[in-house]
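The values are calculated or read from the model by the stated rules, or taken from the named source; none is laboratory data. Computed from a predicted model, the values in this text were never measured in an experiment. Heads up, the Cβs are rebuilt from the backbone with ideal geometry, glycines too, and the neighbour counts pull from every protein chain shown. Areas reflect the complete protein model, heavy atoms only, side chains present, ligands, DNA and RNA absent. Shrake-Rupley method; radii C 1.70, N 1.55, O 1.52, S 1.80 Å.
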Amino acid sequence: MGTLGSKTTTRGLGQMGVFEVLGTEERACEAHGAYVAKKYRYGWSGCMACLDEAQRLENEQRARQQQADWERARLQNLFNRAAIPPRFEDRSLENYATELDGQAKALRIAKQYADTFDENEGVSLIFCGGVGSGKTHLAIGIAKQIMQGYRSALFMSVMGAVRSVKETWRDSDISERKALQNLIEPDLLILDEVGVQFGSDTEKLILFEIINGRYENRRSTILISNLAMDKLTEYLGERVVDRLREGGGKLVVFDWPSYRKRAA
Ligand SMILES: [Zn+2]
């Protein structure tokens, strides 16, 4: 199978002698049957159908490569925008340890949540319990799984989220609405460290704006808190908790000792 220029170049360069046809011969291609081969100065032409096929395969391969590159870039972009802290980057639903029944149950809920994320639009989760019990690990595992399905996620501490809104009060580069929009837009928002500090009324109001905005736009939120549920309800208020539990939202209590404590 020779490689030839296209028909137009053949015609164009004919006058120069390079593509001058010196003879023809009836030949047979194993795949395509009879064809007329042409003799040029440098050799015989091959089967045009074979050439076309090779070209088609090359185009397909190139398209597949472009698609793969595009998907990789899209995933990378989603991961970058998720802002998962480097120390949690390797956490996934696959490497969550389940030595205790409670851990196994929490993992089951997390997996089911991630698996049904697209169907259960706007359903939220509350993870509460002691420090180091793996709440953040599971939440990040969920985020990573849904991003594989090209859904967007954002990880933020409540402090960071509230600050991003409050900053707009001084800084006019970005409006308060836009700051709120950034927190409402992702398909999944993970709000970490809920209730770490005793929140001022302003902070609670902003937190309500975020959670309510997400609720109204049918976007899912995972709240992570070291507080027990009664304290968390006290902190957030019934209204916010109702929003989060509506439509099948689950509360998962992580009531086992921390990894760190057990390791020590
Ligand atoms: Zn052929």
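Close amide H pairs (under 5 Å, H built 1.01 Å from N) link residue 252 with 126, 127, 128, residues at least 5 positions away or on another chain. Among the trypsin sites (Lys or Arg not before Pro) in the stretch 97-191, none is located in a DSSP loop while being surrounded by at most 12 other Cβ atoms within 10 Å of its own Cβ.
Accessible surface of the chain, 1.4 Å probe: 49 percent of it comes from carbon and sulfur atoms.
Highest mobility in the GNM of the chain, judged by mean-square fluctuation with C-alpha springs under 10 Å and restricted to 103, 55, 65, is found for 55. Under the convention that each Lys and Arg Cβ holds +1 and each Asp and Glu Cβ holds -1, the size of the dipole of the stretch 140-264 around its Cα centre is about 460 debye. By the rule of a C-alpha distance below 23 Å, with chain neighbours fewer than 8 residues away ignored, the lysines paired with residue 39 are 7.
If you count only protein heavy atoms with a 1.4 Å probe, what accessible area per residue comes out for the chain, rounded to a whole Å²?
On the way: 15630 Å² over 264 residues.
Roughly 59 Å² per residue, with all protein chains present.
Applied to the stretch 29-44, the Karplus parametrisation 6.51 cos²θ - 1.76 cosθ + 1.60 on θ = phi - 60° returns per-residue 3J(HN,Hα) values of 9, 4, 8, 10, x, 5, 8, 9, 8, 10, 9, 10, 4, 8, x, 8 Hz, with x for Gly and Pro.
Modelled this way, with points 7 Å down the Cα-to-C-beta line, the labels at residue 242 and residue 89 are 4.3 nm from one another.
The GluC sites (Glu not before Pro) of the stretch 68-161 that DSSP puts in a loop, and whose beta carbon has at most 16 other beta carbons within 10 Å, are 89, 94, 99, 119, 121.
Take every Cα pair under 8 Å in the chain that's 6+ residues apart, average their separations, divide by the length, and report that relative contact order as a whole percent.
Working: 362 pairs, mean separation 55.4, N = 264.
Relative contact order of the chain: 21 percent.
Taking 4.7 Å between C-beta atoms as the pairing limit, the chain has these partnerless cysteines: 128. Residues in the stretch 45-56 carry Karplus couplings, in order, of 7, x, 6, 5, 5, 4, 4, 4, 5, 4, 5, 5 Hz; the curve used is 6.51 cos²θ - 1.76 cosθ + 1.60 with θ = phi - 60°, and Gly or Pro positions show x. Sorting the Cα pairs of the chain by distance into bins of 10 Å, from 0 upward, gives 6, 23, 23, 11, 6, 7, 10, 9, 3, 0 percent per bin.
For the residue pairs 111/166; 166/231; 144/250; 135/166, the alpha carbons lie more than 30 Å apart in 111/166. Of interest is the spacing of the C-alpha centroids, which for the stretch 137-172 and the stretch 173-216 amounts to 9 Å.
Relative to the compact-globule estimate of 2.2 N^0.38 Å, the Cα radius of gyration of the stretch 103-150 comes out at 1.13. Taking 233, 136, 24 as the candidate residues, the one with maximal mean-square fluctuation in a Gaussian network model of the chain, Cα springs under 10 Å, is 24.
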